There are 2 protein chains.
Amino acid sequence: MVVRMSHFGDLLPGARVLLGPGPSMADPRVLRAMATPLLGQFDPEFTLIMNEVMDLTRFAFESENLHAYPVPGTGRAGLEAAIVSLVEPGDRVVVGECGRFGLLLIEIAERCGADVVPVRGEWGRILPTEAIAAALHGGPTKLVAVVHGETSTGVLQPLEPIARLAREHDALLMADCVVTLGGSEVAVDRWGVDVAVAGTQKCLSCPSGLAPVTYNARAAAALSRRRVKVRSNYLDLAQLGDYWSPARFNHHTAPTTMVYGLREALRAFHDEGRDARFARHRLHGDAMRAGVQKLGLELFGKEAPEHRLPFLTPVVVPPGVDELRVRRRLVADFGIEIGAAFGPLQGKIWRIGTMGASATRQNVLSCLAALEHVLRGEGWRSAPGAGVDAAVASYRDAGVRGEDVTESLGASGIGRV
Amino acid sequence: MVVRMSHFGDLLPGARVLLGPGPSMADPRVLRAMATPLLGQFDPEFTLIMNEVMDLTRFAFESENLHAYPVPGTGRAGLEAAIVSLVEPGDRVVVGECGRFGLLLIEIAERCGADVVPVRGEWGRILPTEAIAAALHGGPTKLVAVVHGETSTGVLQPLEPIARLAREHDALLMADCVVTLGGSEVAVDRWGVDVAVAGTQKCLSCPSGLAPVTYNARAAAALSRRRVKVRSNYLDLAQLGDYWSPARFNHHTAPTTMVYGLREALRAFHDEGRDARFARHRLHGDAMRAGVQKLGLELFGKEAPEHRLPFLTPVVVPPGVDELRVRRRLVADFGIEIGAAFGPLQGKIWRIGTMGASATRQNVLSCLAALEHVLRGEGWRSAPGAGVDAAVASYRDAGVRGEDVTESLGASGIGRV
């Protein structure tokens, strides 16, 4: 018998400060909302919640699209849902690739039976619009798929020029906004993005498990114009869209608790406001970048700072330093997780995320102090405290100070003596 | 602008007693576990949790299979993952159908490119083994797919004879155990089921969103013998199996909170023990059935009580009673949800579930009292209190009494007078 009848203890994992590329730390208010007892999925109170989630999803994507709802799976499920639902076997699909998640789009599109035309770019740089244009000139294209925030390299791809091109060629544009939604602008309508797919576990600070998507009337028309049935039932956007409509077409059983969590995460975004939230993500990313540079470390992709994700800092592992050992020590001694890298960048860079609820001054300063200490153990020297000081200065320049906690941490007084 | 900038309030849904066909009420200990802060998905503490979830999944399926883990989606995602991963376009697939979820298997298999041979049975009865045998004689078959617990009709299909047949014909057997896992025996190894797929929101009392699956070496061999790539990336069991293996092959971002919830739900199952848990599900179902019959209502499928799901009671809507109005009143006045029906049974039966944490004496008695009251409003008369009394008698015959709460509900004493 493989089953070991050993004691399965209470779930008591160690505390972690999650500063990798995702998941970020779940917002405590999201976890609290997720503890709410369940409703049946056709209960009028639940369908009201669904409508609110749709409104909040439109808010997040800056969109008036009718269709705005979560696909019941992780970000990857949302990407596959969009591609499998839009693409009929043999359709030409132009996919931009300058990182791990571009590669994923290629692989998904191939599995969906598309005739994939990859447009390869340099890892660490954006895709040149001209390369997409050239691919579009190669033949009638159903879909252009690109990554908005390439988490593997820390690059933010401008979408508006690609959207314009796609429209000129009567193609649809799908954007992978898994890492960007809630952290930087995703203005679907203004930019002309036809389908946008996001995730919950990055800048929204909700646990992984849902993929908010939105698509416009052009994409919806493509769904209804299909000649061949979608190759998936679970990820069929037409069916999912009917379920998330007044028709309440029966499909999967709603993942109630995840829907509760997403609602609260989007509500927190709405409460904070788009501008304030994006500024907060930039603020902490800037402080982190100021700090790591003062530790003597080099930023990956520093040649094009204007195309850098504000909330994800890729850092070149310095010579003589053991990439994995540093991450292990950070977890073991400080409970801090930063991210490794994929493919050609594996072992060469770290990825430090400052997303959602993880993006706080305390986390940034703690990470820099811990990193200085661990790097010293690897023989990498920097001026003592220089990383933290640089981050503090970055915050001060932005008008942000630490909370004054002198009084509240002091004794409550021992009376007159 | 579609977005209404109205106030998005706190999540404060009404309390519900969920006695439909699923979701059942989430076990409070599951919801508490889901409030645990997140770990990164390659954190050694998280991979340890993954290994425990696999062990507990083997316990639940009574299996020694190497592969036993949750697919990151609802039960439907698990079913599609099994079919899309095993079936290559043109493969012959025999699908049993005597209810809504058999129809779903047909539809998924067709979308996956299978040559589907449906074996139709009567809704409310099991599939006769001979009909499966006849279909298997029709040609070389890759997969036989059947529903173990047909939630739409309340029927429990014996799997062992079908497994024997499938093996004789060198076909694999996949069983949809979405509703049965945790509520009645699912003995995958002993019965010879090659692939079993479950859900979380029925008898496991965990919110919907994961699909525990297990498959044996025969099925794993079929996965690795494929000539054509699986048509899905997200639902590719080979990739998912590699992620849930010591290789930790990178795939989707783990839905951490759902994994926490599933672990706790399976641990609660393990704590309770299989025999005790199945007996509890039978106990409350029996009491519910005794009660509804004393309300003068007829059980659907009563001709074959031996093939009835113990924890799902289908009840014929009596003449002159408005099916929907009864369910509405139950929710509005008593906060109790029971289920409607699908397709040919729509409007004709209710489905009353007593699954997982919903299966309590209090819930059964409250439901019967409320149902009596609401039916009286519809002009349906029964002896006052007869339903509740019959359930109480059913419990008493099984040796179960209500808790003695006289003392604890009384005043704490006013001292001697």
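Starting from the exponent 0.38 and prefactor 2.2 Å, build the expected Rg for chain A from its residue count and divide its actual Cα Rg by it.
Normalised Cα radius of gyration, chain A: 1.05.
For region B:340-353, in order, what is each residue's ³J(HN,Hα) by Karplus, 6.51 cos²θ - 1.76 cosθ + 1.60 with θ = phi - 60°, in whole Hz (x at glycine and Pro)?
Along region B:340-353, the couplings run 8, 9, 10, x, x, 9, 4, x, 9, 9, 9, 10, 10, x Hz.
Run the numbers on region A:28-271 and let me know its relative contact order in percent, using alpha-carbon pairs under 8 Å that are six or more apart.
Computed over region A:28-271, the figure is 29 percent.
What is the set of long-range amide H partners of B:VAL117 at a cut-off below 5 Å, with H atoms built 1.01 Å from backbone N?
B:VAL93, B:VAL94, B:VAL95
Can you pull the mean other chain C-beta count within 10 Å for peptide B:81-87?
Average neighbour count from other chains, rounded to a whole number: 1.
Helix B:361-377 sits at what angle to the longest principal axis of chain B, using alpha carbons and giving 0 to 90 degrees rounded to 10?
70
Taking the Cβ-Cβ separation of A:GLU130 and A:ARG218 as r and a Förster radius of 35 Å, what is the calculated FRET efficiency to the nearest 0.05?
0.90
Need one word for region B:90-153: rounded, prolate or oblate. Basis is the Cα gyration tensor (sqrt eigenvalues a ≥ b ≥ c); a/c below 1.5 gives rounded, then a/b vs b/c decides.
Oblate, since a/c reaches 1.5 and b/c is not below a/b.
What is the diffusion coefficient of the protein assembly as shown in µm²/s, taking the Kirkwood radius over Cα pairs and the Stokes-Einstein relation at 37 °C with a viscosity of 0.692 mPa s?
Diffusion coefficient, whole number: 116 µm²/s.
Please average, across the residues of A:228-237, the number of beta carbons from any other chain that are within 10 Å of each residue's own beta carbon, and give a whole number.
6
Once Rh is set to the Kirkwood radius over Cα pairs, what Stokes-Einstein translational diffusion coefficient, in µm²/s, holds for region A:1-114 at a temperature of 10 °C and a viscosity of 1.306 mPa s?
For the chosen part, D equals 85 µm²/s.
Trypsin sites (Lys or Arg not before Pro), restricted to region B:147-238: which are DSSP loop and have at most 10 other Cβ atoms within 10 Å?
B:ARG225, B:ARG227
Just for chain B, what percent of DSSP beta bridges are antiparallel, to the closest 5?
Just about 45 percent of them are antiparallel.
Can you compute 3J(HN,Hα) from phi for each residue in region B:307-313, using the Karplus curve 6.51 cos²θ - 1.76 cosθ + 1.60 with θ = phi - 60°, rounded to whole Hz and x for Gly and Pro?
Each residue of region B:307-313 in turn: 10, 9, 5, x, 10, 9, 10 Hz.
Per-residue ellipticity at 222 nm for the protein assembly as shown, helices alone: DSSP H runs ≥ 4 residues times -39500 (n - 2.57), over residue total, nearest 500 deg cm²/dmol?
-12500 deg cm²/dmol
Going toward the positive end of the dipole of chain B, with +1 on Lys and Arg Cβ and -1 on Asp and Glu Cβ, which of B:LEU173, B:PRO207, B:LEU66 do you reach last?
Working it through, the farthest residue towards the positive pole turns out to be B:PRO207.
With θ set to phi - 60°, apply the Karplus curve 6.51 cos²θ - 1.76 cosθ + 1.60 along region B:260-275 and write out the HN-Hα couplings as whole Hz, x wherever there is a Gly or Pro.
4, x, 5, 4, 5, 5, 5, 5, 5, 4, 4, 4, 6, x, 4, 4
So, with +1 on the Cβ of K and R and -1 on the Cβ of D and E, and no other charges, what is the size of the charge dipole of the protein assembly as shown about its Cα centre, to the nearest 20 debye?
160
Over chain B, calculate the relative contact order: mean separation of alpha carbon pairs under 8 Å at least 6 apart, over the residue count, as a percent.
21
What residues qualify as long-range amide H neighbours of B:HIS67, i.e. H under 5 Å apart, gap of 5 or more or another chain, H built at 1.01 Å from N?
B:TYR215
Assuming a ≥ b ≥ c are the square roots of the Cα gyration tensor eigenvalues, decide whether region B:110-249 counts as rounded (a/c under 1.5), prolate (otherwise, with a/b larger than b/c) or oblate.
oblate
Count the net charge of all other residues whose Cβ sits under 15 Å from the Cβ of B:PRO319, scoring Lys and Arg as +1 and Asp and Glu as -1.
In short, -1.
Rounded to the nearest 20 Debye, what is the dipole magnitude of region B:129-271 about its Cα centre when Lys and Arg each give +1 and Asp and Glu each give -1 at the C-beta?
580
When the gyration tensor of region A:28-271 is built from Cα positions, what are the square roots of 5 times its three eigenvalues, in whole Å, from largest to smallest?
Taking √(5λ) for each eigenvalue gives 29, 20, 15 Å, largest first.
Compute the angle between helix B:75-86 and the longest alpha-carbon principal axis of chain B, please, reported from 0 to 90 degrees and rounded to the nearest 10.
20
Given that compact globular proteins tend to follow 2.2 N^0.38 Å, what is the ratio of the alpha-carbon Rg of region A:253-293 to that value?
1.67
Within 10 Å of each Cβ in peptide B:248-256, how many partner chain Cβ atoms are there on average? Round it to a whole number, please.
What the average comes to for B:248-256 is 6.
Students often check this: by mean Cβ neighbours within 10 Å, which of A:26-36, B:326-336 ranks highest, and how do the rest follow?
Going by the mean number of other Cβ atoms within 10 Å, highest first, we get A:26-36, B:326-336.
Can you check what the net charge comes to around B:PHE300, using other residues whose Cβ is under 10 Å from the Cβ of B:PHE300 (Lys, Arg +1; Asp, Glu -1)?
Neighbourhood net charge equals +2.
Select from A:ALA383, A:GLY285, A:PRO319 the residue farthest towards the positive end of the dipole of region A:274-397; place +1 on Cβ of Lys and Arg, -1 on Cβ of Asp and Glu, and compute about the Cα centre.
After comparing all options, I get A:GLY285.
Any idea of the accessible area per residue across region A:274-397, 1.4 Å probe, to the nearest Å²?
Result: 41 Å² of accessible area for each residue.
Can you compute the radius of gyration and Dmax for region B:274-397, using only the Cα atoms, both in Å?
13.6, 42
The values are calculated or read from the model by the stated rules, or taken from the named source; none is laboratory data. Because the structure is predicted, anything quoted here is derived from the model rather than measured. Positions of Cβ are generated from backbone atoms using ideal geometry, with glycine treated the same way; all protein chains shown enter the neighbour counts. Heavy atoms of the whole protein, side chains included, go into the accessibility calculation; ligands, DNA and RNA do not. Shrake-Rupley method; radii C 1.70, N 1.55, O 1.52, S 1.80 Å.
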